[in-house]
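To keep things clear, I will list the structure first and then write my remarks on it.
The values are calculated or read from the model by the stated rules, or taken from the named source; none is laboratory data. The structure displayed is predicted, hence computed values, not measured ones. Every residue, glycine among them, receives a Cβ derived from its backbone with ideal geometry; neighbour counts consider all protein chains shown.
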Amino acid sequence: MNGARRSALLQRGRFGKFVSVGAVGAVVDLTVSSTIVLTTPWPPELAKFIGAECAIVLMFVLNDRWTFTGQRSSGLGHVFRRLVKSNIVRSGGLLVQVVVVFVLVRQPIVVTVGGTDVWPILTMPVAIGCGFLFNYVGETLVTWRVHRDS
């Protein structure tokens, strides 16, 4: 990895903003996916996908307006292209998350709270953590191409 890319990834202020936006996204993701798991017969993997996509769109808007504000071009076409890039990049992170949920919910683990098995819900934050690093690197270097300006 060249110096410009490494410098772009290690910028403390941007990383902190990305983590903050990610925390908001995680709350949205967990709220949506947990609600689906607890109220529908849908599989946890589908719930994870729906929750994550809701979070991806929200996080794009927040990152575009705050985290990477200096790297964005205005205009509807530019915003749309970044949104598409962001979704493509984050699809890799989402794939990581879905695979983690898939593997973990198939383990012989039961965590009962109030008569309900909450193990499928507990797998969700683990999955989010696993997809985070992939997303940060991809968003920084591909979606907003920060290293061009370093």
Does Thr40 count as among the β-branched types (Val, Ile, Thr), at pLDDT below 90 and surrounded by fewer than 13 Cβ atoms within 10 Å (Cβ to Cβ)?
no
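Based on what the data block shows, is Leu94 of a type outside the set (S, T, N, Q), surrounded by fewer than 18 Cβ atoms within 10 Å (Cβ to Cβ) and more than 16 Å from Val27 (Cβ to Cβ)?
Details: of a type outside the set (S, T, N, Q): yes; surrounded by fewer than 18 Cβ atoms within 10 Å (Cβ to Cβ): no; more than 16 Å from Val27 (Cβ to Cβ): yes.
Here the answer is no, as Leu94 does not meet what is asked.
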Looking at (1) surrounded by 14 or more Cβ atoms within 10 Å (Cβ to Cβ); (2) of a type in the set (A, V, I, L, M); (3) under 30 Å from Gly13 (Cα atoms); (4) at pLDDT 90 or above, which one does Ile128 not meet, given that it meets all the others?
(4)
Take the residues in the range 46-84 that are among the charged types (D, E, K, R) and touching a residue at least 60 places away in the same chain (Cβ under 8 Å); name whichever of them is nearest to Gly131 (Cα to Cα).
Lys48
By residue number, the members of the range 11-26 that are more than 19 Å from Val89 (Cα to Cα) and surrounded by fewer than 13 Cβ atoms within 10 Å (Cβ to Cβ) are Arg12, Gly13, Gly16
Residues (under 15 Å from the mean Cα position of the chain (by Cα) and either β-branched (Val, Ile, Thr) or outside any helix (DSSP H, G or I) (or both)) located in the range 61-84
Val61, Thr67, Val84
Could you tell me which numbered condition Thr35 fails, if it satisfies all but one of (1) under 12 Å from Ile128 (Cβ atoms); (2) of a type in the set (S, T, N, Q); (3) over 14 Å from the mean Cα position of the chain (by Cα)?
(1)
Restricting attention to the range 46-81, the residues that are within 30 Å of Val103 (Cα to Cα) and touching a Phe, Trp or Tyr at 6+ places or on another chain (Cβ under 6 Å) number exactly 0
